[in-house]
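Below is one structure; the comments refer to it alone.
The values are calculated or read from the model by the stated rules, or taken from the named source; none is laboratory data. All values derive from a computational prediction rather than experimental measurement. Note that we place each Cβ from the backbone using ideal geometry, even for glycine, and neighbour counts take in every protein chain shown. When the accessible area is computed, the model is the full protein with side chains, heavy atoms only, and any ligands, DNA or RNA have been set aside. Shrake-Rupley method; radii C 1.70, N 1.55, O 1.52, S 1.80 Å.
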Amino acid sequence: MGFLFSQINEFICYYLCGMIDYMVVGLGLAGTAFCETLRRNNKSFVVFNNQSQTSSRVAGGLYNPIILKRFTLSWKADEQLAVAVDFYKQLEQFLNIQFDEKLNVLRKFASIEEQNLWFEAADKKSLKPYLDTRLVSNNNSELKVPFEFGKVLETGKLDTKVLFDGYTKWLQQEKKIYLETFDYNELKILPNFVSYKGVKAKNVVFAAGFGMMQNPYFNYLPMQGSKGEYLVIEAKGLQESNIIKSSIFLIPLGNDIYKVGATYHRDQKDNGTTEDAKEELQRKLDSLLNCAYKIINQEAGVRPTVKDRRPLVGIHPKYNNLWVLNGFGSHGIMIAPWASKALYERIETEVPILDEMDIARFN
């Protein structure tokens, strides 16, 4: 009798109490892209975020369809880039801010052999739109470049701090954000909705990056995590406006400030900076620059990397109103809008998620 009464109460609450469409947990690239997808589709939502996961904020913010170590196209780059470019353009217009800057990526060649490999790659149909066959000479005396550069097309940089601050401000104005740590013990999962501290929603989407490892519903997924560290330097004599890729990325931020990175350490899972990473980045930077520079900051974050290098998107194997959007690794700028669209279409219209990123592959 008590169970029946409880079910009746749930039924009444579902139809009579205030009910929103979605709760979103996490406001990095994944959470922001999914919230914006909801807004554009006139869905009601709130988001919970405590900013404990810093990888999206400290990342270089690059979008680049090419894996520059091997001159190959990154996974689903054509599809992702087509969605991302329009997505960020519309978001800039909506927020009335600018955070997307079109910048060339120049790949430093270490040998004539690498230049030849570049030409071989550029001749492939899939790579033609992205690899310029006209090599770029180095006209900057402060860069150590014994050979020429290869220019990557369709590239740029997002100022993720401007993006997140602008979107958070809008969420606060609309009273759609709770700046707090999500307590999984407070989440009540009912047949037709979820409830959390008085907030009721038809679905909850977890997009908390490496914080997923504290999520009891999805921490079974094989996320490895990879810590990345960056230096922020001031180099007044450098005067470089392109993104330079050698053994590191050198990313111009304006006003003689550059971001340098990044390191990759799978065995470190914290957001603290280390002296070892600083020395590693300095060694690589010294092999690239002739000019003096000053380190003004060091940043770190744990990327949500996955064992098979594919995103984690889909529905919980037991609960039909719990979803995950995660595992973008170092390609979040390009993947986030595309994967958010795929998850939204799966929830709302039951369009299947691509097998390669559906979490059902690990069930």
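Details
- Pairs linking a residue in the range 299-314 that is on the phi > 0 side of the Ramachandran plot to a residue that is assigned to a loop (DSSP other than H, G, I, E, B) and open to solvent by 30 Å² or more (accessible area, probe 1.4 Å), with Cβ atoms under 8 Å and 6 or more positions apart or on different chains, are R309/W75.
Rundown of residues vs (1) farther than 27 Å from Q51 by Cα; (2) polar (S, T, N, Q); (3) in contact with a Cys (Cβ under 9 Å, 6 or more places away or on another chain), yes/no style:
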| position | (1), (2), (3) |
| --- | --- |
| G254 | no, no, no |
| A262 | no, no, no |
| H265 | no, no, no |
| N271 | no, yes, no |
| K278 | no, no, no |
| S287 | yes, yes, no |
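- Pairs where the first residue, in the range 248-262, is closer than 16 Å to D100 by Cα and the second is polar (S, T, N, Q), C-beta under 6 Å, 6+ apart: P252/S241
- Residue in the range 184-191 that is of a type in the set (S, T, Y), open to solvent by less than 70 Å² (accessible area, probe 1.4 Å) and at pLDDT below 95 present: no
- The one condition in (1) part of a helix (DSSP H, G or I); (2) among the basic types (K, R); (3) farther than 21 Å from Y258 by Cβ that K161 fails to fulfil: (3)
- Taking the range 282-351 as the region of interest, the strands (runs of 3 or more DSSP E) fully inside it that hold 1 or more residues being crowded, with 18+ Cβ neighbours inside 10 Å and charged (D, E, K, R) are 294-303.
- Checking K144, K157, K161, K151 one by one, the residue that is open to solvent by less than 60 Å² (accessible area, probe 1.4 Å) and in contact (Cβ under 8 Å) with a residue 60 or more places away in the chain is K157 and no other.
- Inspection of the range 302-315 identifies at least one residue that is farther than 20 Å from A77 by Cα and at pLDDT 95 or above.
- Put simply, of E275, E299 the only residue that is in contact with a Ser or Thr (Cβ under 9 Å, 6 or more places away or on another chain) and not small (G, A, S) is E299.
- Test: residue in the range 219-231 that is open to solvent by less than 50 Å² (accessible area, probe 1.4 Å), of a type in the set (S, T, N, Q) and under 30 Å from N321 (Cα atoms): yes
- Test: residue in the range 109-117 that is open to solvent by 80 Å² or more (accessible area, probe 1.4 Å), without any contact (Cβ under 8 Å) to a residue 60 or more places away in the chain, more than 29 Å from K161 (Cα to Cα) and of a type in the set (D, E): yes
- Identity of the residue in the range 250-269, surrounded by fewer than 20 Cβ atoms within 10 Å (Cβ to Cβ), touching a strand residue (DSSP E or B) at 6+ places or on another chain (Cβ under 7 Å) and not basic (K, R), that ends up nearest to S330 (Cα to Cα): Y264
- Of all residues making up the range 76-105, the number that are β-branched (V, I, T), open to solvent by 20 Å² or more (accessible area, probe 1.4 Å) and either touching a Ser or Thr at 6+ places or on another chain (Cβ under 7 Å) or not in a helix (DSSP H, G or I) (or both): 1
- Elements of type strands (runs of 3 or more DSSP E) in the range 195-257, at least 1 residues being modelled with pLDDT under 95: 226-234, 249-254
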